[in-house]
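Participant: Provided herewith is a single structure, encoded as structure tokens, for subsequent inquiry.
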Amino acid sequence: MKILFVYPEFPDTFWSFKHALKFIKKKAGAPPLGLLTVAAMLPAKWEKQLVDLNVTNLTDQDMAWADYVFISAMVVQRESARAVIHRCKTAGVKVVAGGPLFTMEYEQFPDVDYFVLNEAEETLAPFLLDLLQGRARRVYSSDKFPDIHQTPVPLWQMADLKHYDTISIQFSRGCPFNCDFCNVTTLLGHRPRTKTAAQIIAELDSLYALGWRKSVFFVDDNFIGNKKQIKSEVLPALIEWRKGKIGMSFSTEASINLADDLELLKLMVEAGFETVFVGIETPNEDSLAECGKNQNKGRDLVESVKRLQRAGLQVQGGFIVGFDNDSPSIFQQQIDFIQKSGIVTAMVGLLQAPLGTRLYERMQKEGRLVNEFSGDNVDGSTNIIPRMGLEPLREGYREILSHIYAPKFYYERVLTFLREYPPPKIKFQFEPQYILALWRSIYHLGIHGVERAHYWRLFFWTLFRRPRLFPLAITFAIYGFHFRQVIALHVS
């Protein structure tokens, strides 16, 4: 059997980092974790190839080679997925689809031959058995949340890793919280299910053996969902594994209550974690109560962020405007919070209601659902009718983005962060493309960029006052360039 795995292209979004990746001659953020994991679940004797449309093209020869095309996608990849499916249909090759997009919207894809939905540990084996016996059904789904102790090491070797800036791995699935706009618990449940420390080490060993020395992103929706296991097993294993090794910094997503556990913070930094994405959402207490974000209520959110930063973690933040309890003052409140916190990478989006969430159900009952959920965090779209009115919301939203990513305020925020952030202790392997990235940043940002004065101020301030943070400062300058390009598409 010949299986072609196809990963659809991401549009130019906040998290694509397409404009930043050009500085280091990379084509995409990370290879497709889901498809490479599914590939490891297929019989070893089957032939397998990967076409990631974010780094290469899908050719007629690729499709002619394949017995089946396996495709997985997130909602934001919807249009590219449709195009891939159409090409496969035209070429006469059968399509097997799974992943978040199809799990939520499979009825919207009539040309797909087979759907293997929900988690592959539950639905892939029955599909393969039926397929080999010539009796495969069109849809395989499950409401069970499987044990992931048997999930195999992804077949990283199928991807050409030189095209990527980071690698994604997964420790847990599910989240103990119940935010009404989030579909994680619908897809993956409330009780965090975890791999063993041995599984994680095996995955890292396989990457290290392939020569990977750069960033590894734990894609868990809440890495600290099971704090007991993290503290007693996983982090100690990572600390031990890192001894004598070069490179491999870690990043992940976690809830803000990470700031309350100083022991956990210390262990994460010692284990090599440098960055954490936190869903801040809003400084408005009434809006936090409205969406069920109880873990963020009743705390000094700025101080919680600062605690994470001072411990050695860069904090990336998610923010939302458009809650029913948001007044016109929310836009300036968000600007003030983001600037004061020193959160350099601040993703601000309009409230959207994904299918399967409590918010979706409430908006449906109130007759407030419109359009299609885009899955793009900063395209200025929403699929609900906001209480404050759509135009005031969009105008305020544009005001936030125009402000926080204007060079003056963006670079101020970088400096706010760098003043308190302790330099990481990880030893990195020298790579020539990072020297080239420095020269490209000087040319594009320091000579020809609209931010020239701010760039050079950051350049020399960091070089003389915090020299160990100089590479990070240049990285942030390049990120700012990317963010402005993306926002210009939506805020003009």
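The values are calculated or read from the model by the stated rules, or taken from the named source; none is laboratory data. Everything numeric in this text was worked out from a predicted model, so none of it was measured. All Cβ positions, glycine included, derive from the backbone under ideal geometry; neighbour counts span all protein chains shown.
Participant: Which residues, counting only those in the stretch 92-112, are surrounded by fewer than 22 Cβ atoms within 10 Å (Cβ to Cβ), in a loop (DSSP other than H, G, I, E, B), touching a helix residue (DSSP H, G or I) at 6+ places or on another chain (Cβ under 9 Å) and not aliphatic (A, V, I, L, M)?
Facilitator: Once the filter is applied, which keeps residues that are surrounded by fewer than 22 Cβ atoms within 10 Å (Cβ to Cβ), in a loop (DSSP other than H, G, I, E, B), touching a helix residue (DSSP H, G or I) at 6+ places or on another chain (Cβ under 9 Å) and not aliphatic (A, V, I, L, M), the stretch 92-112 yields Gly92, Phe109, Asp111.
Participant: Look at Leu359 and say whether it is of a type in the set (A, V, I, L, M, F, W, C) and part of a helix (DSSP H, G or I). It would help to see each step written out before you state the result.
Facilitator: Values: of a type in the set (A, V, I, L, M, F, W, C): yes; part of a helix (DSSP H, G or I): yes.
Answer is yes for this residue.
Participant: Here's something else I'd like to know. Quick one: is Ile330 more than 25 Å from the chain's Cα centre (by Cα) and surrounded by fewer than 19 Cβ atoms within 10 Å (Cβ to Cβ)?
Facilitator: Values: more than 25 Å from the chain's Cα centre (by Cα): yes; surrounded by fewer than 19 Cβ atoms within 10 Å (Cβ to Cβ): no.
Answer is no for this residue.
Participant: From the list Val69, Val116, pick out the single residue that is buried (at least 22 other Cβ atoms within 10 Å of the Cβ), in contact with a Ser or Thr (Cβ under 6 Å, 6 or more places away or on another chain) and aliphatic (A, V, I, L, M). Before the answer, list the steps.
Facilitator: Values: Val69 fails: in contact with a Ser or Thr (Cβ under 6 Å, 6 or more places away or on another chain).
The unique qualifying residue is Val116.
Participant: Still on this model: Quick one: what pairs do we get from the stretch 20-33, first residue touching a residue at least 40 places away in the same chain (Cβ under 8 Å), second of a type in the set (Asp, Glu), C-beta under 7 Å, 6+ apart or different chains?
Facilitator: As it stands, the answer is Leu21/Asp165; Ile24/Asp165; Lys26/Asp165; Ala28/Asp52; Gly29/Asp165; Pro31/Asp52; Pro32/Asp52, since those pairs meet every condition given.
Participant: Which of the following residues is of a type in the set (A, V, I, L, M, F, W, C), outside any helix (DSSP H, G or I), farther than 24 Å from Val184 by Cβ and not assigned by TED's automatic domain parsing to the domain that holds Thr13: Val378, Val344, Val348?
Facilitator: On the way: Val378 fails: farther than 24 Å from Val184 by Cβ; Val348 fails: farther than 24 Å from Val184 by Cβ.
Going through Val378, Val344, Val348 in turn, the sole match is Val344.
Participant: Follow-up. For the stretch 172-197, name all the residues that are more than 23 Å from Phe102 (Cα to Cα) and either crowded, with 17+ Cβ neighbours inside 10 Å or free of Cβ contacts under 8 Å to residues at least 12 places away in the same chain (or both).
Facilitator: The answer is Phe177, Thr194, Lys195, Ala197.
Participant: Quick one: would you say Val234 is modelled with pLDDT of 95 or more and assigned to a loop (DSSP other than H, G, I, E, B)? Full working, then the answer.
Facilitator: Values: modelled with pLDDT of 95 or more: yes; assigned to a loop (DSSP other than H, G, I, E, B): no.
So Val234 does not fit the description; no.
Participant: Related question: Looking at the stretch 405-492, what helices (runs of 4 or more DSSP H) fall wholly within it and have at least 1 residues that are within 26 Å of the chain's Cα centre (by Cα) and either closer than 17 Å to Glu274 by Cα or not assigned by TED's automatic domain parsing to the domain that holds Val269 (or both)? Steps first, please.
Facilitator: Values: elements: 407-418, 432-441, 452-465, 470-491.
Helices (runs of 4 or more DSSP H) meeting the threshold: 407-418, 432-441, 470-491.
Participant: Restricting to the stretch 338-358, name every residue that is closer than 15 Å to Met104 by Cα and either surrounded by fewer than 19 Cβ atoms within 10 Å (Cβ to Cβ) or of a type in the set (A, V, I, L, M) (or both).
Facilitator: Ala353, Leu355, Gly356, Arg358, listed by residue number.
Conditions tested, residue by residue: (1) assigned to a loop (DSSP other than H, G, I, E, B); (2) not basic (Lys, Arg).
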position	(1), (2)
Ile246	yes, yes
Ala259	no, yes
Leu264	no, yes
Thr275	no, yes
Pro283	yes, yes
Ser287	no, yes
Arg299	yes, no
Val302	no, yes
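Participant: Further question on the same structure: Answer yes or no as to whether Ile71 is more than 27 Å from Cys182 (Cα to Cα) and either assigned by TED's automatic domain parsing to the domain that holds Pro126 or touching a Pro at 6+ places or on another chain (Cβ under 7 Å) (or both).
Facilitator: Working: more than 27 Å from Cys182 (Cα to Cα): no; either assigned by TED's automatic domain parsing to the domain that holds Pro126 or touching a Pro at 6+ places or on another chain (Cβ under 7 Å) (or both): yes.
Considered against the rule, which asks whether it is more than 27 Å from Cys182 (Cα to Cα) and either assigned by TED's automatic domain parsing to the domain that holds Pro126 or touching a Pro at 6+ places or on another chain (Cβ under 7 Å) (or both), Ile71 comes out as no.
Participant: Same structure, new question: When Phe323 is evaluated against the numbered criteria (1) surrounded by fewer than 18 Cβ atoms within 10 Å (Cβ to Cβ); (2) under 21 Å from Phe177 (Cβ atoms); (3) among the hydrophobic types (A, V, I, L, M, F, W, C), which criterion, by number, is the only one it fails?
Facilitator: Checking Phe323 against (1) surrounded by fewer than 18 Cβ atoms within 10 Å (Cβ to Cβ); (2) under 21 Å from Phe177 (Cβ atoms); (3) among the hydrophobic types (A, V, I, L, M, F, W, C), the one that fails is (1).
Participant: Condition first: outside the structural domain of Asp205 (by TED's automatic domain parsing), touching a Leu at 6+ places or on another chain (Cβ under 7 Å) and of a type in the set (Ser, Thr, Tyr). Can you find one or more residues in the stretch 81-102 that meet it?
Facilitator: The answer is no; no qualifying residue exists.
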